[in-house]
Amino acid sequence: MRSSVGYYYESLLGREVDQIVRKIAIISAIIGFTLHLLIWLLIQTERYSLSGENMEMFNSPLSSLYTPFSILLAYEVYQLIRTIPESFSSSVGKQYEIATLLVVRDILKRLSNIEFQDGWKIDEDLGFLIVECLAFLVLFYTSLIYQRISKEIKSENLQDNRLSSFIFSKEVIALMMLLVFVIITFTSMSGWIESVFEGKGAVNREIFFLDFFTFLILADILILLISYWFYTDFGNLARNTGFVLSTVVIRVAISSPGVSSMLLFVLSGIIGIAIIRISSINFPKPKVR
């Protein structure tokens, strides 16, 4: 059983496969960017026409950046799934990177549609754009600091034979999340394409990411419960529970509108930095049963 899971994990989420997926993602991002820009050019020259919400993504050449960023975000999600067997902190770090890219993508989308007013008055669109940029800076700082601190902490020794069962459990969960990733991608794309033919086709961060983070929270809780079988100390349990809380905050931020979403994204980063900082100061050695 373990050998079969290990084989499937290496075949679908291994390092060599990751290099292939990475190249595919980069090539797809370049192609997607080119096609999006080409469609915008055809619309501008009146050789092709769209109506309704479909025009939202073709109002400006800047909107063509939305497509490659979406593809790169999909690759980051794949990377997140790969980090699940490594450690709880590593997968949480990937979540902050995804949140950062989500905010950047929203900023680029807003810049392509925003209309500024004359004079010194800061209108609602500009005000929210400033808030989004500040949230991006905080999340970017959070991701870098979190990554640096987590590298200094070895919360799990992956070479320890006593933890092989724990690693095996997380590899199973990672494979399950990969299946969830494929299913949600298919359903999200098919639903969006159907809405395009109906004259809608508006895009937002809730597409795919809301459902994926819902399942990610369930996976994190499952890992948390399994980890308590191996680690009995309160410090490790509280740390991982805090990481789950941070994931829940990100999920709520994805579904929240306006400024509240940016505040929640920032809050999730603050929670993660606080937890990893406390762990680095006094990180108790886990007691393995």
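Computed from the coordinates by the stated procedures, all read-outs in this text should not be read as laboratory data. Bear in mind the structure is a predicted one, so any value in this text is a computation, not a measurement. As a convention, Cβ positions derive from the backbone with ideal geometry for all residues, glycine included, and neighbour counts pool all protein chains shown.
Figures for the structure shown
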| quantity | calculated |
| --- | --- |
| Net charge over other residues, Cβ less than 14 angstrom from the Cβ of residue 75 (K, R count +1; D, E count -1) | +2 |
| Selection of trypsin sites (Lys or Arg not before Pro), the range 1-91, meeting DSSP coil and at most 14 other Cβ within 10 Å | 47 |
| Square roots of five times the Cα gyration tensor eigenvalues for the range 2-281, Å | 36, 23, 15 |
